[in-house]
Amino acid sequence: MGHMLNQTEMDVLARWHRMRGEVSLWVPGTDHAGIATQMMVERQLASEGKSRKELGREAFVERVWEWKRHYGGAILDQMRRLGASVDWGREYFTMDERLSGAVRDCFVRLHEQGLIYRGSYIVNWCPRCQTAISDLEVKHEEQQGKLYEIKYLAASGDGGIVVATTRPETMLGDVAVAVNPADERYKKYVGKMLKLPLTGREIPVVADEWANPEFGTGAVKVTPAHDPNDFEVGKRHNLPSLNVMDERAHISTEGGAYAGMERFQARTKILEDLEAQGLLVAVKEHANSIGKCDRCATIVEPRLSKQWFLAVNKQPKRGGNSIAADAIEAVRADASGHKAIRIVPEMYEKIYLEWMTNIHDWCISRQLWWGHRIPAWHCAKCGEATVARETPAQCAACGSAELTQDTDVLDTWFSSGLLPFTVFDGHKGATRDLAAFYPTDLLVTGFDILFFWVARMIMLGCHFIQEVPAADGGKRTLAESVPFREVYIHALVRDAERQKMSKTKGNVLDPIQVIGQYGTDAVRFTLASMASPGTDIAFSEARTEGNRAFANKIWNSARFVFLQMERARAAGIALDMDKLAAALRPTADAPLEARWIVSRLSAAAAGVESALKDYRFDEAAATVYRFFWNELCDWYLEMVKLRMEFDDAARRVEATEALTTLVAVFEASLRLLSPFMPFLTEEVWHALYDGQPPAKSIALTRYPAAAEMASDAAAVAEMDALQELIVTVRALRKDLSVPEKEAAEIAVYSTGAVSTLAAANAALLSRLARVSGVNIAASALHGANARSTAGFDVAVQYERKVDVAAETERLTKEIAKLEKNLSAADRQLGNEAFIAKAPAAVVDGLKKQQAENRLLLGKAQTALKTLGA
């Protein structure tokens, strides 16, 4: 469902921009998802009683390709079903030959620039996936654990130090104990030797600021091969590193008697042995953060490992800023407030900058078989690595031919991070596509990959494209090198109770199944109508059901339009479809409903444009919905029926003009709706032109622009008044129990133009409110058969017995409500502090409400007095 939201938003924007006349490209593709895909295939093999090591690397990789061919198209199939208007001719897969070549080239260039290096460092190691993972792929959870205090005896036999640790199993790899140099308790031990419990190995006591006197006992064990902070302490004191766990997190042969034990099994046994020897001093409750693999939820083990890294804070040999510095500058506002990349909602910009400011070198190697194999060959003779685009014949250092390619693959996000320019062959230089489409305008994505993907694209895009000459042959600026101008971060899709969707909870929805049940257009419209920046979506099937009804409303309105066109043809009237554009600029003498509906269409077009510019998909969808359902269907179609007298010779011209306006407005409404509901609008639009449309697709027509349609404020004001009158009369008829099919006269009193407006539109009132005649009253109207609004009084002239008690109760309640409203308005407007701080529009609105409530209160009081008489 998250993918479906993402793709719906992208497609709405792509279609909207395309229909606005902009050359619009949406590039589709998928990455190879190294860890996740390998895990799925290994799971499949396990169910067959096999393992990847039994198959061997070549056969296993072929098995993954088979899996990809069978399952890998699910997301792309969903995109097709959703109607995503992508350029399928440009579809990419990160393991395709073209992109694989780009990955090798970019790796080699970064290595040549001194930014890629290989070394032994502490990495996050997943024992289940058996690979290093990045900081971003580790989920941290607060858990209640234990703090163990263990006695390390002095080698001299004189006393000892109590060390506090949360991971006693790693003590097998201890090479020192660290104390703070300012801690008086331990000064006499600095430089002395301790006996490591259970092993008898002697280790030194070192003084280091890392040891916190306030934590535990103030003394900490130093295990450089199993803790990043200990690793730094080890470097400062030239301590050795002793790795006591294998890739499965089982104790290695270095662990002596505990060799072969799983880490937590070893912990239990070590604690038992410590207690037996009287060295376990205390066990205390301790809350700490546990890192887990984002893919399989296995507890991550910090482990010393030789890996490939990308130096993000180092200046490249070519000169210029570091990769991280450019990525920060691209998002941060300059002195004039301009940003090369805008992140929406803005709150994510702060998160991005905080993360980038504290970024460490990126571990880009993974101990997997599925992925881009690192283009480095190790020499058996001298041990040096030769990095090259093609397989080298000999070692670059010593000339030996005994070379073996590195077994590791690259982090999936490395190749994905290159995509904004490699899909346009930008790594080769100034290509035609790069000139046309780079920097791209927009990336739409979820918050969960802001750092996995977005940050990597910004770092790599800015770095590589600054090397490509600008259009004038000069050096590109940073702003010309960014991978995209804007990043829109969409929300999560949750279930109807706002719970995160989870297979464990059983609340996951299958997008294809939802589409099959409600229709693609209804699902798309539901997602769009609920998508606002920074707010998660509680996906509701009831809401989707409502939008399926909206789709049915559109079908029914189309049937009405086609029926009128057929009636006109039967009467010998040929509708000129070339005049539709002109019909959207009605003259001042055109019927009120024509001038009004065109004005409302213009306002709707302006509203959608404003909302989509700010990624307010919910507001854009609501604007389209209100216009189509409320104004076009509920009001205009009913009004225009009065004009459809094709067989009346005296009214043929009026009927033809009304039909032209109807078809013009309906056709423009389909274009307005098209980005949200592409299937339905495409079908109806082609039918409207009887199979001979002016373009191949509605998606290739112009999106309705407010400026292309006449806006008539006077017509809108008149129709607002007329609609209020109709609604009031309908409610009054219901209160008076006037039979549905029986017409009745009305009397209207107004100090403004409503009375005249009602008389001039008696035919509309007759059709929409069962009014048989309009009488202009000379004075205010009161009584049980009358109602008052701020603009008029209206009475339905229909004889019935009045329940004086009930009407008195109704008026009394109305008076109490109006008095309460008036009191609240008076209190607010009398508050000088409020008036000084409130926006002018708010104050004006309150004054208007105050005046209207005062007027209605007077009318209600008069009506009650009249009733009493």
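The values are calculated or read from the model by the stated rules, or taken from the named source; none is laboratory data. Everything quoted here is computed from the prediction, not taken from an experiment. Neighbour counts are summed over all protein chains in view; Cβ atoms, including those assigned to glycine, are modelled from backbone coordinates with ideal geometry. Only protein heavy atoms, including side chains, enter the accessible area calculation; ligands, DNA and RNA are left aside. Shrake-Rupley method; radii C 1.70, N 1.55, O 1.52, S 1.80 Å.
Please name whichever of I328, V283, T268 sits farthest to the positive end of the charge dipole of region 209-329, dipole taken about the Cα centre and charges placed at Cβ: Lys and Arg +1, Asp and Glu -1.
Working it through, the farthest residue towards the positive pole turns out to be I328.
Using the heavy atoms of the protein chains and a 1.4 angstrom probe, tell me the accessible area per residue for region 683-781 in square angstrom.
Working: 5000 Å² over 99 residues.
Accessible area per residue: 51 Å².
Between K350 and E214, with labels modelled 7 Å along Cα→Cβ, what's the label distance in nm to one decimal, could you check?
My value for the distance between the label points is 2.5 nm.
Shape verdict for region 278-353, please, from the Cα gyration tensor: rounded (a/c under 1.5), prolate (a/b greater than b/c) or oblate.
prolate
Taking all protein chains in place and a 1.4 Å probe, what share, in percent, of the accessible surface of region 717-869 do carbon and sulfur account for?
53 percent
How much length is gained if the chain between E486 and A778 is pulled fully straight, taking 0.36 nm per residue apart and subtracting their Cα-Cα distance, in nm to one decimal? Could you put the intermediate results ahead of the total?
Numbers: separation 292, 0.36 × 292 = 105.12 nm, distance 6.19 nm.
This chain segment gains 98.9 nm when fully extended.
Write down the accessible area per residue of region 39-154 in Å², having rolled a 1.4 Å probe over the full set of protein chains. Don't skip to the end; give the middle numbers.
On the way: 5640 Å² over 116 residues.
Spelled out: the 1.4 Å probe surface of region 39-154, per residue, equals 49 Å².
Quick one: if the Förster radius is 35 Å, what FRET efficiency do K317 and R432 give, using the C-beta to C-beta distance and rounding to 0.05? Each step should come with its number before you reach the end.
On the way: r = 30 Å, r/R0 = 0.85.
In this case the efficiency is close to 0.70.
Got a number for carbon plus sulfur as a percent of region 336-469's accessible area, 1.4 Å probe?
Looking at region 336-469 in its full context, I get 50 percent from C and S.
M501 versus D441, label points 7 Å from Cα toward the beta carbon: distance in nm?
Taking the simple label geometry, M501 and D441 are separated by 2.8 nm.
Using only Cα atoms, locate the centre of region 203-279 and the centre of region 395-409, then give the distance between them in Å, rounded to an integer.
Cα centroid of region 203-279 versus Cα centroid of region 395-409: 35 Å apart.
Under the rule of at least 5 residues apart or a separate chain, name every residue whose amide H is placed under 5 Å from the amide H of Y92.
Those lying under 5 Å, H to H, from Y92 are G29, T30.
Rounded to whole Hz and in sequence order, give me ³J(HN,Hα) for region 68-79 from the Karplus expression 6.51 cos²θ - 1.76 cosθ + 1.60, θ = phi - 60°, writing x for Gly and Pro.
4, 5, 7, 10, x, x, 4, 5, 5, 5, 5, 4
Tell me which of Y258, L612, A699 sits at the most positive position along the dipole axis of the chain, charges placed on C-beta atoms (Lys, Arg +1; Asp, Glu -1).
Highest projection toward the positive end goes to Y258.
Starting from the Cα of K428, draw a straight line to each of the aspartates and glutamates and keep only those under 13 Å, dropping any in the same chain fewer than 8 residues away.
The reachable aspartates and glutamates, counting only those whose Cα sits under 13 Å from K428, are D105, E467.
Dipole magnitude of the chain about its Cα centre, charges +1 at Lys/Arg Cβ and -1 at Asp/Glu Cβ only, in debye to the nearest 20?
Its charge dipole is roughly 360 debye.
Quote to one decimal, in nm, the extra length available between H360 and E275 on full extension: 0.36 nm per residue of separation minus the C-alpha distance between them. Intermediate results must be reported in sequence, preceding the final value.
On the way: separation 85, 0.36 × 85 = 30.60 nm, distance 4.00 nm.
Gain on extension, H360 to E275, equals 26.6 nm.
Taking 0.36 nm per residue of separation and subtracting the Cα-Cα distance, what length does fully extending Q265 through A714 add?
Extra length from Q265 to A714 when fully extended: 153.4 nm.
Give me the dipole magnitude in Debye, nearest 20, for region 212-319 about the Cα centre, with unit charges on the beta carbon: positive for Lys and Arg, negative for Asp and Glu.
In debye, rounded to 20, region 212-319 gives about 740.
Please give the helix 713-735 orientation as an angle from the longest Cα principal axis of the chain, in degrees from 0 to 90, rounded to the nearest 10.
The two axes meet at around 80 degrees.
Return the FRET efficiency for the residue pair A805, R651: r is the Cβ-Cβ distance, R0 is 35 Å, and the value is rounded to the nearest 0.05.
About 0.10, to the nearest 0.05.
What list of ³J(HN,Hα) values in whole Hz, one per residue of region 617-628 in order, does the Karplus curve 6.51 cos²θ - 1.76 cosθ + 1.60 (θ = phi - 60°) give from phi, with Gly and Pro shown as x?
Residue by residue, region 617-628 yields 4, 5, 5, 4, 5, 5, 5, 5, 4, 4, 5, 5 Hz.
With r as the distance between the Cβ atoms of D334 and A833 and R0 = 45 Å, compute the FRET efficiency 1/(1 + (r/R0)^6) and round to 0.05.
0.70
Which far-off residues, 5 or more places away or on another chain, put their amide H under 5 Å from the one on K192, with H placed in the peptide plane?
Placed amide hydrogens put V205 under 5 Å from K192.
Write out the trypsin sites (Lys or Arg not before Pro) in region 498-549 meeting two conditions: DSSP loop, and at most 12 other Cβ atoms within 10 Å of their Cβ.
Those that pass, being in a loop and sparsely packed, are R498, K503, K505.
Using the basic label-point model (7 angstrom from Cα toward the beta carbon), what is the A74 to A287 distance in nanometres?
That separation, rounded to one decimal, is 3.7 nm.
Tell me, what is the per residue accessible area of region 281-439 in Å², probe radius 1.4 Å?
Roughly 45 Å² per residue, with all protein chains present.
Which is farthest toward the positive dipole end of region 723-801 among S772, S737, H782, measuring Cα position about the Cα centre, with Cβ charges +1 (Lys, Arg) and -1 (Asp, Glu)?
Of the listed residues, the answer is S737.
Enumerate the calculated ³J(HN,Hα) couplings along region 818-827 in order (Karplus 6.51 cos²θ - 1.76 cosθ + 1.60, θ = phi - 60°), each rounded to whole Hz, writing x wherever the residue is Gly or Pro.
Once rounded to whole Hz, the list reads 5, 5, 5, 4, 5, 5, 5, 5, 4, 5.
Tell me the carbon and sulfur percent of the accessible area for region 186-255, rounded to whole percent, probe radius 1.4 Å.
So the carbon and sulfur contribution to the accessible surface is 49 percent.
Going by amide H atoms built from the backbone, whose H comes under 5 Å of the H on N775, apart from near neighbours?
Answer set, sorted by chain and number: I746, A747, V748.
Before rounding to the nearest 500, sum -39500 (n - 2.57) across all DSSP H runs of length at least 4 in the chain and divide by the residue total; then give [θ] at 222 nm in deg cm²/dmol.
Result for the chain: -13500 deg cm²/dmol, rounded to the nearest 500.
Quick one: helix 34-47 against the long Cα principal axis of the chain, what's the angle to the nearest 10°, folded into 0 to 90?
Tilt of helix 34-47: around 80 degrees.
Using only Cα atoms, tell me the angle between helix 840-868 and the longest principal axis of the chain; keep it within 0 to 90° and round to the nearest 10.
40 degrees
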